[in-house]
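Everything below concerns the one structure shown next.
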Amino acid sequence: MKDNCFVLLISGRGSNLKAICNTKLRSQIACVISNNPEAHGLEIAKNFGLKIHIINHREYNTREEFEKVLASTINLYSPKLIALAGFMRILTSWFVTQYPNKIINIHPSILPAFVGANAQKDALHAKVKISGATVHFVNEKLDHGPIIAQGIVNTEFDDDLEKLSSRILELEHHLYPFVIQKILDNQLKINSNGYVSVNKTETDQTNLGKFFNYTFY
Ligand code: GRF
């Protein structure tokens, strides 16, 4: 495995995993780890020929025990990055401090608005005009941590949960591979005040496609 590899943590559907696999990043995925043995994403990972680990959190008495196994599995690969892609476990500060500035997450809202598991529903309920997705470093507080990039989609008067969620998801599928590539290419800098700067290059427009003009990084 290359030095510049990363690990993906999933719990469910795996559409972000699939989007990442459909880019050249696939060759750098060291393994996919799921806490849920039933995760559909595991099938996707298998179809792409990726190494898989299932670490079922229900088999451990405490969060800490689960995380010790998770960490020792991750450490087998010495990854440069740990990307959460629909990973539905809250991580303890012990785990997070093992990997400073190495864990990232994608969330379906413009953080800090609408943290938690119902972001799209909460956005609809609030009747916001714009919504979107955020990629951020993970710290011990749910859906917090330095923001790396944010993309925007509009909302429509007749949006329902399905319509808004799928518009955001399409954005996610461009944004997440884009950010992962930037990190693996050392194109990020965390400034002393916590602001994350991302270097811009000519290929960004191609990689972000129609979302280029509505993505901030
Ligand atoms: C995405 O909406 C992501 O933003 C959130 O969980 C969902 C995962 O979807 N953190 P998928 O499993 O990648 O399809």
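Listed by first and then second residue, the pairs linking a residue in region 183-206 that is within 21 Å of residue 81 (Cα to Cα) to a residue that is in a helix (DSSP H, G or I) and modelled with pLDDT of 95 or more, with Cβ atoms under 7 Å apart and 6 or more places separating them unless they lie on different chains, are 184/28; 188/182; 198/182; 204/212. Considering region 81-95, the residues that are under 14 Å from residue 9 (Cα atoms) and in contact with an Asp or Glu (Cβ under 8 Å, 6 or more places away or on another chain) include one that is nearest to the ligand (Cβ to nearest atom), namely 91.
Do we have residue 149 as among the hydrophobic types (A, V, I, L, M, F, W, C) and under 19 Å from the mean Cα position of the chain (by Cα) here? Step through it out loud before you land on a result.
Values: among the hydrophobic types (A, V, I, L, M, F, W, C): yes; under 19 Å from the mean Cα position of the chain (by Cα): yes.
Answer is yes for this residue.
Examine region 33-47 for a residue that is open to solvent by less than 20 Å² (accessible area, probe 1.4 Å) and either assigned to a strand (DSSP E or B) or among the hydroxyl-bearing types (Ser, Thr, Tyr) (or both), and state whether such a residue exists. Looking through region 33-47, at least one residue is open to solvent by less than 20 Å² (accessible area, probe 1.4 Å) and either assigned to a strand (DSSP E or B) or among the hydroxyl-bearing types (Ser, Thr, Tyr) (or both).
Could you list, in sequence order, the residues of region 6-32 that are open to solvent by less than 20 Å² (accessible area, probe 1.4 Å) and either farther than 12 Å from residue 86 by Cβ or among the small types (Gly, Ala, Ser) (or both)? Those that are open to solvent by less than 20 Å² (accessible area, probe 1.4 Å) and either farther than 12 Å from residue 86 by Cβ or among the small types (Gly, Ala, Ser) (or both): 6, 7, 11, 14, 19, 21, 25, 29, 30, 31.
Residues in region 175-217 that are open to solvent by less than 80 Å² (accessible area, probe 1.4 Å) and part of a strand (DSSP E or B): 188, 190, 196, 197, 198, 215.
The values are calculated or read from the model by the stated rules, or taken from the named source; none is laboratory data. These figures come from a predicted structure and were not determined experimentally. Heads up, the Cβs are rebuilt from the backbone with ideal geometry, glycines too, and the neighbour counts pull from every protein chain shown. Note: accessible area is taken over every heavy atom of the protein model, side chains too, but ligands, DNA and RNA are not part of it. Shrake-Rupley method; radii C 1.70, N 1.55, O 1.52, S 1.80 Å.
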